[in-house]
Structures are given as structure tokens and as C-alpha cells.
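The structure appears below as C-alpha cells.
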Amino acid sequence: MKQCLAHGIIWLSWFLVSNAVYAQKPTFYQDVQPLIHAKCAVCHRPGEAAPFSLITYEDVTKRAKFIRKVVNSGYMPPWRADDHYVAFANKRSLTPEQIKILTDWIDAELPKGKVNTDAEKELLKRAQAGTGYNRVPDLTLKMPQPFKVIGDGVERFMVFKIPFELAGEANVEAIEFTSTDKKSIHHANFAIHPVDDPGIDLNNTVAQVNLNGDDASRYREWLPYKKQLTYYSGWIPGTTVETYPADMGWVMPKRGVVLLTVHFGPAAKDIENVSGVNFFFTKKPIRRTVKVISLGSGGIGEKEITPPLLVFGGDSLTTRLRIAYRNQPITLLYAWPHMHQIGKRFTAFATLPGADTLRLVRIPDWDFRWQEVYRYQKPVILPTGAVINVIGTYDNTEGNLQNPNKPPKLITSDGQMRSDQEMLTLLLLYVAYEPGDENLRLN
């Protein structure tokens, strides 16, 4: 009897332990798919820049060994910001615990678990609608006709004019860049210019300009449109929908133009591309207007960059920008650092009147291929009297594997954002400060 009881206890213990171990094994639909969709499918879905999709069980399992390798090496998902410097809400990198979930799942031979395809169906539906937002856009403004990217291995820096006349103004709660082929695009910027004067014709000027071509001078035809700027934003691989906290946003003008700048990378074959901007409106009032400030190359203080952005072949250079902020306090929501191909490090911070330092963003190992519009986890309050410091380091030597020139040659900057030049730019999205903004969370 005692022997039978002992055997029964041993069997029960083994049964409980084995079931506990089995229960702890991650499964695809419960543990893995939410991670993949949140961290990887931002780029790895139809219409985005990545070369393949990671949405369904089949998508992920056929690349499981590759995923195991790149997540454990830290190569993917790409995230260049120093998280110890300042915390961002849209961080894509995986925690050690998340890497373990993926690794354990792959090592356990990819168990499905209880099948639930609702998430992937919803993601595919949004991908087919050309949006990463939770609903279809209220307005899409896009190129009036496709642009043919010639497959001659030459990159192109194009600007497209997209005129619009709406029934009235509209409150914007979210905005995003959209394209029929993001794989052919390195990055894009778009500026919304209101043109209230009906005497200014929106259609009798050139429709597109190649900034590296013979028609670059025709950009001047658009100067009458650029007297005011309502909003400015952009896209780089990995960027998702730009959204704002409750009661924040901006007002889409009734009439004007979108000037859409698209940097097409070198293509091996001809590609037709149609790109534009998705707008998501809200009937709720916009109490606090989101604005954008551009510092450095192409923006405020461009001529104050010291020493000037002039990097001789074979040399390295560290250059700085200091901008004194004398207006009313503002609440920073996003930071967007920008350099080009020989950039190596980017740091931005503000020194305060009391000698304290306010950290803004730090990219210790710059990679031109992986940029981001960084959303603060906790808003940064920039007070009156602060001095914004932007520091960029550039490596124009043969040892820089990202250097496009072999052998290295002189690289300059004139603020025109040409890809064969360099930039030191920091864009900040902000609203006017209100007491209590310190307690906001932008997750």
C-alpha cells in the first residue's frame, strides 16, 4: 500500500511538472504573433519597405532560423537610439525576455497553439488599404500620375506638387506617408502649404522637379505657395502613423499644395511609383496645435553650424550647432534627427539656465538606412532660455563601409537635402506648454 502510494505521488509529481513545463512553452498565436506584428510587421508587410512579409504563421515559420539569428545578434528589429540616454515610446528593439520567447518557440519546433487568425486578417486588411492606422483614411492626396523610376542604378531626388481644394478645413488626428512601392524609396518628406489667395493658380506651375536634374531651377515656380507652412513631416523605413495625444493635432487648410519630396534609391529595373499622404480627420476640437521646428541644415541656424559641413576625402569631422530658445516654454512630443551616409554619431541636448542638461536624442552608431521619428515616452519640457545643442560626427574615410564614394571625395552641404551632400538636422514636434504636461505619457 505504501509502495503504491509512493508510486502514485511520484507519477503525480511528474505529471504536474511536465504539464507546467509544457504550459510554459510559447506558442505562435498566443506569444509570438503579437511580438512579430508589433516589432517586425511595421516594415514586413505588403506595401512596406522590407523584402518579405511576417504576418501569418507560414510567413514566420519559413524564416524561423533567419529570425533566430538576427534577433539574437541584435541586427533586427533595427533601433539606433541610445535607450539609456532618453526613453522613447515607439521603441522597436526587443527585450531579453522577448528574444527568449522567440528563441524558445523556434527551438520547440514552432508550436502553433490555439489558432486565431483575427489579428493577421485585420493587419492584411489595413495593409491592402495602404495604411497602418486603425481605420481607412478620410483623405489621400497623391501624385496625379505615376512616376517612372528608371532602372539605371542612379538615385533620384524628386519633388512632386499635389494641389488640393477641400470643402472646408478639417481637424487632423493622424497622418502617414503612403506609396505603391516603398521598397524603391529611401525616405520622403512632405510639407502642407496653405494658399488662401484664389488669385494664385495651383495648377499652372510645374508638376514635378528633379532636384539633381536640369529642371531643378523650376522649383522657384512654387515659391508663391510657400509663404506659409501648416505642417511638415515625413517617412523613413520603419516609420508608422504619426498620431497625437487627446485634444492635440492640427488643422488641414481648405486650399493649398502638398510638396512631396521623395528620395528614390538606385533601381535595377524600371518601377512605376505613386506616393502620397493619408489624412485621418476627427470631429473633436483641436485644443492644442502640434507644430514643427527644423534646426540645422535646411532650417533655423543652418549658417551657425560650426565648423561648416565641409568634409574632405579621407578626413573625419565633428560639427556643432547651438540655438538659444527665447520663446514661451514648449512641450516636445517627437524628435527626428537626420544625417546622410557618412554620419557616424548624432547627439542633441539642451542646456538650461540653471546649468542642468535636458537630453533630447542620441544615436551612438548612425546608420543612414535605419532612421526614425522618435516619440518620447514622457514629453520633454523645453523652457525659455534653454540652449539647444546638436552635435554630429562624420567619417569620410575609406574605413567607413557606408561611405558611398570609393575613393572618398569632398562632401559639402548647402541645405538642399541632396543625397550626395551631408546634413545636420533636428526636427522637433511640439505643442505650447501647459502645467501638468510633465505627467503626460505618450505610449
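Counting only DSSP beta bridges with both residues in region 319-443, what percent are antiparallel, rounded to the nearest 5?
100
Rounded, prolate or oblate for region 233-308? Axes are the square roots of the Cα gyration tensor eigenvalues, ordered a ≥ b ≥ c, and the cut-off for rounded is a/c under 1.5.
oblate
With each run of n ≥ 4 DSSP H residues scored as -39500 (n - 2.57), what mean residue ellipticity at 222 nm is computed for the chain after dividing by its residue count and rounding to the nearest 500 deg cm²/dmol? Write out the running numbers ahead of the final one.
On the way: 6 runs with 68 residues, N = 443.
Only helices count here, giving -4500 deg cm²/dmol.
Taking amide H atoms as placed 1.01 Å from N in the peptide plane, list the residues 5 or more away in sequence, or in a different chain, whose amide H sits under 5 Å from that of Ser419.
none
Springs between alpha-carbon atoms under 10 Å, Gaussian network over the chain: tell me which of Thr425, Thr239, Thr180 tops the mean-square fluctuations.
Top of the fluctuation ranking is Thr180.
Under a point-charge model restricted to the Cβ atoms of Lys and Arg (+1) and Asp and Glu (-1), what is the dipole moment magnitude of the chain relative to its Cα centre, in debye to the nearest 20? Working shown, then result.
On the way: 52 positive and 46 negative charges, 161 e Å.
With only Lys, Arg, Asp and Glu charged at Cβ, the dipole is about 780 debye.
Hey, what do the phi angles of region 395-404 turn into as Karplus ³J(HN,Hα) couplings, whole Hz, using 6.51/-1.76/1.60 and θ = phi - 60°, x for Gly and Pro?
Per residue, the Karplus-derived 3J(HN,Hα) values read 10, 9, 9, 5, x, 7, 5, 8, 5, x Hz.
Can you give me the span-like helices of the chain, meaning DSSP H runs with 20 Å or more of Cα extent along the axis and Kyte-Doolittle mean at or above -1.0?
2-24
Among the listed pairs Lys25/Lys121; Lys227/Lys284; Lys254/Lys284; Lys65/Lys269; Lys39/Lys125; Lys65/Lys344, which have their C-alpha atoms separated by more than 20 angstrom in this model? Don't jump to the answer; show the numbers that get you there.
Values: Lys25/Lys121 25 Å; Lys227/Lys284 28 Å; Lys254/Lys284 18 Å; Lys65/Lys269 30 Å; Lys39/Lys125 18 Å; Lys65/Lys344 31 Å.
Beyond 20 Å between Cα atoms: Lys25/Lys121; Lys227/Lys284; Lys65/Lys269; Lys65/Lys344.
Measuring from the lowest to the highest alpha carbon on each principal axis, how far does the chain reach, largest first, in angstroms?
100, 53, 50
How do 339-345, 109-115 rank on mean C-beta neighbours within 10 Å, highest first?
Result, highest mean first: 339-345, 109-115.
How many angstrom lie between the Cα centre of region 161-201 and the Cα centre of region 86-149?
25
Which of the GluC sites (Glu not before Pro) across region 134-208 are loop residues per DSSP, with 14 or fewer other Cβ within 10 Å? Please list the in-between numbers first.
Working: sites: Glu155, Glu165, Glu169, Glu173, Glu176; in loops: Glu155, Glu169.
Listed in order of number, the matching sites are Glu169.
Exposed loop chymotrypsin sites (Phe, Trp or Tyr not before Pro) only (DSSP loop, at most 14 other Cβ atoms within 10 Å): please give the longest stretch of the chain free of them, not including the sites.
76-311
Taking only C-alpha pairs under 8 Å that are 6+ residues apart, what is the relative contact order of the chain in percent?
Dividing the mean separation by the residue count of the chain yields 18 percent.
Pick from Gly301, Gly153, Gly132: which residue has the top mean-square fluctuation in a GNM of the chain where Cα pairs under 10 Å get a spring?
Sorting by GNM fluctuation, first place goes to Gly153.
With a cut-off of 8 Å between alpha carbons and a minimum separation of six or more residues, what is the relative contact order of region 96-229 in percent?
Once divided by the residue count of region 96-229, the mean separation gives 24 percent.
Comparing His186, His84, His263, which has the greatest mean-square fluctuation in the GNM of the chain with Cα pairs linked when under 10 Å apart?
Judging by the Gaussian network model, the answer is His84.
None of the figures in this text is laboratory data; all of them are computed from the coordinates on show. Computed from a predicted model, the values in this text were never measured in an experiment. Note: ideal-geometry Cβ built from the backbone for every residue, glycine included; neighbour counts use all protein chains shown.
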